[in-house]
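What follows is a set of notes on a single structure, which appears directly below.
The values are calculated or read from the model by the stated rules, or taken from the named source; none is laboratory data. Given the structure is predicted, the values throughout are model-derived calculations rather than measurements. Positions of Cβ are backbone-derived with ideal geometry, glycine not excepted, and every protein chain shown enters the neighbour counts. Note: areas computed on protein heavy atoms with side chains; ligands, DNA, RNA excluded. Shrake-Rupley method; radii C 1.70, N 1.55, O 1.52, S 1.80 Å.
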Amino acid sequence: MVNVPFAPFSRSDKLGRIADWTRNLNNPSNRRNNANDSVFDFTGDDSFAATLAADEDSSFRLVDGKPPPRPKFGPKWRFHHHHNNPSRHLPQRRDEEVEARKREAEKERARRDRLYHNNHRIGGGQHQRREAAVFKSSVEIQPEWNMLEQIPFSTFSKLSFSVPEPEDLLCCGALESYDRTYDRLTPKNERRLERFKNRNFFKVTTTDDPVIRRLANEDKATVFATDAILSTLMCSPRSVYSWDIVVQRVGNKLFFDKRDGSQLDLLSVHETSQEPLPESKDDINSAHSLSVEAAYINQNFSQQVLVKEGKKVSFEEPNPFANEGEEVASAGYRYRRWKLDNDMYLVARCELQSVLESNNQRQFLTLNALNEFDPKYSGVDWRQKLETQRGAVLATELKNNSNKMAKWTAQALLGGADLMKLGYVSRVHPRDHFNHVILGVVGYKPRDFAAQINLNMANMWGIVKSIVDLCMKLNEGKYVLVKDPSKPQVRIYEVPADAFENDYVEEPLPEDEQAQPPTEDVANGLSSEISVAATDVEDKEITAVP
């Protein structure tokens, strides 16, 4: 090879170093005359003369192999993004890495919360989560009421009681036939919901029922109620909104009543949903407005799906609440009796809405309607999903209205209905709460549907039996069962005999002890404070029951 120096050596020679980068050739005093070094000393060769020029030699600099000091973790690193290699400038110290992960997790959590609130901003306002919603009591707790018992719903889950098949004591009213054409409705051929203003609907309480009064005088039973009241007790563990039931102990008999204008006459909407509803009572999507709308829809739906001018099935006695010549809604009342104990019977008035005759067989029906008010709240648009994903629509309704659908199923089972028809009714427009359309009707067998929604009849009767046994131990008088508005529990209060009467007036205090009546908000706050002080139980948030 040309111009490459070669130094012969023997295998026995000692090799000192391959290359010596520390020697300074410009200083002759530093040159070493070591024999081992001279073997690899090529400075005397002419081919290297150019490379040893002083001007080039001075251009060499010693390079520090240590890494440069990294800046401490701070805002400059946090907002300095590197998309190709995001971990290139991550801090290397363990404590700084932990701190960085915490900050990144906190930032991600804040981003998710911000995204959640942006997606759930309805009507221009940002609402709180449903868990933090505050509900009012269905009845204002008066200071003179005496709380006797407090029963948490957790004790109801373990109850079980089996009752034999009931017997029909009496049947009243008349039923119209169901129109099968409504079973073929789809969102593409929807029908407008009609209004039946001329037909009268009756929501008579237990003690105002002339038939129950007659059965009580004949000692046919010990406990008397209606299917609406019994279903409220049976499905109470699923309830979120407050409700109340009046209990009257007269002699050895027990009457379960509802107040005039009670929440039991309305239908709850979105009760078990996690999405909050507007709190303003004037809003068309508030809980109260939706309850009134749902009751209106349910009544009209139950009359529209009947055969017009069709054959009626009349029972033994006419409608006990209708006057002569009055146009009444299609309704049949079955007064049924269940045996709770050896010497204790329960009689309940159960209501049916329609009848269906086929193959010489008669089937009794209950008719109820689910209503869609705004797809933004439920997340499922019925007009798009009802025909192709009916199961998903039903699952969403079971999640948002678990208590209402369980009560409908319990009423169908109590009344001995063979079928329960559920209608899907939606607003013509989300902001129009007066006009509605029927999108479809689906039928279920009550027992099969109860198993589908995890409704246990033995457990429901166990709840009723435990409350009846508790009330039978009370002295004669009037009491009220109130579902706590903020806790999963029910309370029993002893109230004056003239409570909830039209002429009920509290005893006036002496003039020196009288105080100005509080405002509505203060009164509600005072009653809640009294309830909390009487119970001394820690407040807990209500979640929805699955």
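Quick notes
- Calculated FRET efficiency, ALA458 to GLU97, Cβ-Cβ distance, R0 = 41 Å: about 0.10 to the nearest 0.05.
- Alpha-carbon centroid distance for the pair the stretch 401-466 / the stretch 237-294, whole angstrom: 16
- Nonlocal amide H pairs with TYR345, under 5 Å, H built at 1.01 Å: THR222, VAL223, LEU340
- Global form of the stretch 174-287, assessed from the alpha-carbon gyration tensor, a/c cut-off 1.5: oblate
- Segment LYS308-SER162, extension gain: residue separation times 0.36 nm, minus the distance between their alpha carbons: 48.5 nm
- Under a model in which nothing but the beta-carbon of Lys, Arg (+1) and Asp, Glu (-1) is charged, the stretch 206-263 shows a dipole of about 120 debye around its Cα centre.
- Difference of contour (0.36 nm per residue) and Cα-Cα distance, GLU326 to MET147: 60.1 nm
- For the set LYS483, LYS158, solvent exposure ranked by accessible area (probe 1.4 Å, protein chains only) runs largest to smallest as LYS158, LYS483.
- Residues whose amide H comes within less than 5 Å of that of ASP283, counting only those at least five positions distant or on another chain, are absent (H built at 1.01 Å from N in the peptide plane).
- The stretch 146-495: C-alpha gyration tensor shape, a/c 1.5 cut-off, then a/b vs b/c: oblate
- In a DSSP loop and with at most 13 other Cβ atoms within 10 Å, the trypsin sites (Lys or Arg not before Pro) in the stretch 369-445 are ARG431.
- In the assembled protein chains, ARG192 presents an accessible area of approximately 130 Å² (probe radius 1.4 Å).
- Residues whose amide H comes within less than 5 Å of that of ARG191, counting only those at least five positions distant or on another chain, are ILE438 (H built at 1.01 Å from N in the peptide plane).
- Residues ARG191 and LYS376, FRET efficiency given R0 of 22 Å [Cβ-Cβ distance, rounded to 0.05]: 0.35
- Extreme residue, positive dipole direction of the stretch 146-495, given options THR155, LEU455, GLN353 (C-beta unit charges): LEU455
- Here the 3J(HN,Hα) profile of the stretch 434-439, calculated from phi with Karplus coefficients 6.51, -1.76 and 1.60 at θ = phi - 60°, is 9, 10, 9, 10, 8, 9 Hz, Gly and Pro shown as x.
- Charge sum, other residues only, whose C-beta stays under 11 Å from HIS433's C-beta, Lys/Arg counted +1 and Asp/Glu -1: -2
- With contacts taken as Cα pairs under 8 Å and at least 6 residues apart, the stretch 146-495 reaches a relative contact order of 32 percent.
- Full-stretch length increase - ASP265, GLN384 - with 0.36 nm per residue and alpha-carbon distance subtracted: 39.7 nm
- Rounded to the nearest Hz, the phi-derived 3J(HN,Hα) couplings of the stretch 223-231 under the Karplus curve 6.51 cos²θ - 1.76 cosθ + 1.60 (θ = phi - 60°) are 10, 10, 6, 10, 5, 5, 6, 5, 5, where x marks glycine and proline.
- If you plug the beta carbon distance of GLU104 and ASP448 into 1/(1 + (r/R0)^6) with R0 = 56 Å, you get a FRET efficiency near 0.65.
- In order along the stretch 277-286, phi translates into HN-Hα couplings of 9, x, 7, 5, 5, 7, 5, 5, 9, 6 Hz, rounded to whole numbers, per the Karplus curve 6.51 cos²θ - 1.76 cosθ + 1.60 with θ = phi - 60° and x for Gly and Pro.
- Only protein atoms count toward the accessible area here, which uses a 1.4 Å probe; on the stretch 370-499, the carbon and sulfur part of that area reaches 48 percent.
- Net charge dipole size for the stretch 146-495 [Lys, Arg +1 and Asp, Glu -1 on Cβ; Debye, nearest 20]: 620
- Take every pair of alpha-carbon atoms less than 8 Å apart whose residues are at least six positions apart; their mean separation over the length of the stretch 373-466 yields a relative contact order of 24 percent.
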